[in-house]
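To keep things clear, I will list the structure first and then write my remarks on it.
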Amino acid sequence: MMEEDMENGRSYQERPRTFSTIRSKSSIPLVFRLLMRINPRALIILSLLVFSGVLYVGASTSPIVVFVFCICTLSLFFSLYLTKWVLAKDEGPPEMSEISDAIRDGAEGFFRTQYGTISKMACILAFVILGIYLFRTTTPQQEASGLGRATSAYITVASFLLGALCSGIAGFVGMWVSVRANVRVSSAARRSAREALQIAVRAGGFSAIVVVCMAVFGVAILYSTFYVWLGVDSPGSMKVTDLPLLLVGYGFGASFVALFAQLGGGIYTKAADVGADLVGKVEQGIPEDDPRNPAVIADLVGDNVGDCAARGADLFESIAAEIISAMILGGTMAQRCKIEDPSGFILFPLVVHSFDLVVSSVGILSIRGTRDPGLISPIEDPMSIMQKGYSITIMLAVLTFGVSTRWLLYTEQAPSAWLNFALCGLVGIITAYAFVWISKYYTDYKHEPVRLLALSSSTGHGTNIIAGVSLGMESTALPVLVISVAIISAYWLGQTSGLVDESGNPTGGLFGTAVATMGMLSTAGYVLTMDMFGPIADNAGGIVEMSQQPESVREITDVLDAVGNTTKATTKGFAIGSAALASFLLFSAYMDEVASFAQIPFKEVDIAVPEIFVGGLLGSMLIFLFSAWACSAVGKTAQEVVNEVRRQFIERPGIMDYKEKPDYGRCVAIVASASLREMIRPGALAIISPMAVGVIFRILGHSTGQPLLGAKVVASLLMFATVAGILMALFLNTAGGAWDNAKKYIETGALGGKGSESHKAAVTGDTARDLANL
């Protein structure tokens, strides 16, 4: 169409504008609007006072906490530098800015509505948690420290709400930068592929640094505040080894927000993508992100709310939960081994992630633009450039991890224990690199699996789907083997560290797996940067297509988009692997917590007991039911989008000739309302099911003389659900990334290129990808 218009002498700029305004009111959160009204000097003074107070509390706790606060503060300044650098880039011609404004308005409007709904549900749940903690029995540790039920309840609720708030802010930061960086990447692509890559990486780096920094800062502030307020380690007060247990609410609040952010954002982006592709590409034969498609703005908005805001909240939750669980295990092990100063074992996770901020910042800065700003550089391989940055980050992480273990985990009781734990961290780092490499191999079209999947498209739609499902199933094997080796290796290294309890039994196994998990997440900042790069590059390609820039510009953004698909699949695989390692820790922590409250030993779960085996079956079933409901939500919402897009093409025939405007706002409104409505059912299933199963089998256990039956059945449910969920996530994530890049590979001109029968079959696979990546 573009070529025909050029032959007729009509340029895109001469066509009527086709981007309607969606915003109805300011989408900036109230807290930020209030801060913007404060006098800059007063704001600086207020910030200095707050920072001084935080440093005072940290100094009253431990010099290690002061170190963590300083690193986090410097990292926040670094993120501000990245923001200023990115926003200083030009937005390109007016048509690009207009498209970007429409995307930003839609994303911020949906974010405001979605998080308003989530905040209301969080407040309701906070009252439920308060009631539970006010009426449940206290633990021996709480009784010994004089911490009453009311105090414990209010601390847990406050931690829960703070975790939920920080998770929401992490999501907002991810979305805020992506909707402003996309147009700058598009504009830079007109000059240089390397410059466009650098802007996208630094924009993603800003979000990543803030997310990791907030997770570390939030836990550190809670820990030091409770330490000072409760007078920890003073006579008659709580022991420092029990203090991390008070932080559990923070992790739960972050998990709660991340669950609904992922659900709502995932349903939004996938439904919009399916609706836009089915009608636009398949029925009308127009290119992806064509401005004539009424659902194209909704599709681009979905990249921001689903892949940026939701992923920011999700990674924040993963890091916070891993830090807290490792602190609990470190404190428990230090108490059993009678280590004189347990603060190093407790605060070790905070230091590891502080160094993560440093090494990830170096990795982000290692990706530079072209030396000659006026040079239009050829298209380089962005994945190779980002891999070099990741390699630099990995090498620095190995060094800093070794320094951290020697500094904090050295003890006279076992002088060589720190070396064993350093090796545990190395196991985790190697595991992270292996996951990144495996995901890249199965999802990058430079490798054989994706090319074979593209080749299957030449024989039809059905063979494309069969090949994609087969590839996804095969891709679960290597990650599971890597996770298995990592868990066993780390546990064995921890057990042989020389740390023993009073009875002479080795006690470092679980903490060894915790250290391996920390090692895997020791480069989380850079990995999250690669993840955020994906949707920013995708949006940039959409803006270039909608503003109908020259084909050379689109070639650059197509390459960045294809690499973005790989990095998104890679980082999801990374998150799955770290969750698999962390789940082993959380499962052990659950058993210890139950034993502490019930005051009955809880060491094992026997699946040969019928009720416990049934719990495992229920857990496996929940994964499939949850996935089914989520896919059903996408299908229903996509049907509404498809019907609306078809209606507009029928009622406004001038759309195809650029004579009439599509109603973009209508599709945005349909997807937004439907995704918020549909996210409730699967979210409620995940929260209510374990509680319902626990209550039912607890009643059954009391009637049959098995006091821990309910807890054991829930343990079985969680164990089987975790295993099934890991396999399901690996399968769907890899298959989805491969389907998308098989289509991208064909669009490069292979197997007939765009518009061929192979391409149409690949589009069908790409539609299945939207469900797989939900």
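The values are calculated or read from the model by the stated rules, or taken from the named source; none is laboratory data. What you see is a predicted model; the values in this text were computed from it and never measured. Because the Cβ atoms are built from the backbone with ideal geometry, glycine has one as well, and the counts that use them run over all protein chains shown. Each accessible area value is taken on the protein alone, full model and side chains, heavy atoms only, with ligands, DNA and RNA left out. Shrake-Rupley method; radii C 1.70, N 1.55, O 1.52, S 1.80 Å.
Numbers below:
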{"quantity": "Dipole of the range 255-338, positive direction: furthest Cα of Val301, Val274, Ile319, with charges on the beta-carbon", "calculated": "Ile319"}
{"quantity": "Crossing angle, helix 680-703 versus the chain [Cα axis fit, 0-90 degrees, rounded to tens]", "calculated": "30"}
{"quantity": "All Cα pairs of the range 404-455, percent lying beyond 16 Å", "calculated": "59"}
{"quantity": "Acute angle (nearest 10 degrees) that the helix 310-336 long axis makes with the longest principal axis of the chain, alpha-carbon atoms", "calculated": "20"}
{"quantity": "Solvent-accessible area, 1.4 Å probe, carbon plus sulfur percent, for the chain", "calculated": "65"}
{"quantity": "With DNA, RNA and ligands ignored, accessible area of Glu412 (1.4 Å probe; Å², nearest 10)", "calculated": "140"}
{"quantity": "Residues Glu640 and Thr73, FRET efficiency given R0 of 35 Å [Cβ-Cβ distance, rounded to 0.05]", "calculated": "0.15"}
{"quantity": "Farthest positive-ward along the range 503-573 dipole, Cα basis, beta-carbon charges - from Gly542, Ser552, Gly573", "calculated": "Gly573"}
{"quantity": "Contour minus Cα-Cα distance for Ser503 and Glu555 (0.36 nm per residue)", "calculated": "12.1 nm"}
{"quantity": "Debye intensity ratio in log₁₀ form over the Cα atoms of the chain, taken at each q of 0.08, 0.10 Å⁻¹", "calculated": "-0.65, -1.01"}
{"quantity": "More than 23 angstrom apart: percent of Cα pairs within the range 608-700", "calculated": "50"}
{"quantity": "Additional length obtainable on full extension of the chain from Leu48 to Ser673, 0.36 nm per residue less Cα span", "calculated": "220.8 nm"}
{"quantity": "Relative contact order (%) - the range 243-382, alpha-carbon pairs under 8 angstrom, separation at least six", "calculated": "27"}
{"quantity": "Cβ-based charge dipole, the range 76-133, positive-most Cα from Ala88, Ser100, Tyr115", "calculated": "Tyr115"}
{"quantity": "Prolate/oblate/rounded call for the range 142-285, Cα gyration tensor, a/c under 1.5 rounded", "calculated": "oblate"}
{"quantity": "Dmax and Rg, reported as Rg then Dmax, of the range 503-581 (C-alpha, Å)", "calculated": "19.6, 74"}
{"quantity": "Rounded if a/c under 1.5, otherwise prolate or oblate - the range 72-132, Cα gyration tensor axes", "calculated": "oblate"}
{"quantity": "Theoretical ellipticity at 222 nm over the chain - DSSP helices of four or more residues, -39500 (n - 2.57) apiece, nearest 500", "calculated": "-27000 deg cm²/dmol"}
{"quantity": "Value of relative contact order over the chain, rounded to a whole percent, pairs C-alpha under 8 Å and six or more apart", "calculated": "18"}
{"quantity": "Point-charge dipole on Cβ atoms (K/R +1, D/E -1) for the range 269-340, about Cα centre, debye to 20", "calculated": "480"}
{"quantity": "Shape parameters for the range 682-774, alpha-carbon atoms, Rg then Dmax in Å", "calculated": "22.1, 70"}
{"quantity": "Tyr410 paired with Val282, simple spin-label distance in nm, labels 7 Å along Cα-to-beta-carbon", "calculated": "6.4"}
{"quantity": "Gyration tensor verdict on the range 366-518 (Cα atoms; rounded if a/c is under 1.5, prolate if a/b is larger than b/c, oblate otherwise)", "calculated": "oblate"}
{"quantity": "FRET efficiency, Ser234 to Glu604 (Cβ-Cβ, R0 51 Å, nearest 0.05)", "calculated": "0.85"}
{"quantity": "Cα-based Kirkwood hydrodynamic radius, the range 203-341, one decimal, Å", "calculated": "18.0"}
{"quantity": "About the Cα centre, charge dipole magnitude for the range 186-289 (Lys/Arg +1, Asp/Glu -1 at Cβ), debye", "calculated": "320"}
{"quantity": "Descending semi-axes in whole angstrom, ellipsoid equivalent of the range 276-370, from the Cα gyration tensor", "calculated": "48, 18, 8"}
{"quantity": "Filter on Lys84/Lys572; Lys84/Lys744; Lys281/Lys659; Lys440/Lys744; Lys572/Lys603 - keep pairs with C-alpha separation over 23 Å", "calculated": "Lys84/Lys572; Lys84/Lys744; Lys572/Lys603"}
{"quantity": "Test item: Cα-centred dipole of the chain, Lys/Arg +1 and Asp/Glu -1 on Cβ, debye", "calculated": "1280"}
{"quantity": "Rounded tilt (10° steps) of 461-474 against the dominant C-alpha axis of the chain", "calculated": "20"}
{"quantity": "Candidate residues Met395, Met383: accessible-area rank, largest first, probe 1.4 Å", "calculated": "Met395, Met383"}
{"quantity": "For the range 459-618, alpha-carbon Rg over 2.2 N^0.38 Å", "calculated": "1.51"}
{"quantity": "Kirkwood Rh, angstrom, the range 448-542 [1 / mean 1/r, Cα pairs]", "calculated": "17.4"}
{"quantity": "Relative contact order (%) - criterion: Cα under 8 Å, at least six apart; region: the range 435-556", "calculated": "13"}
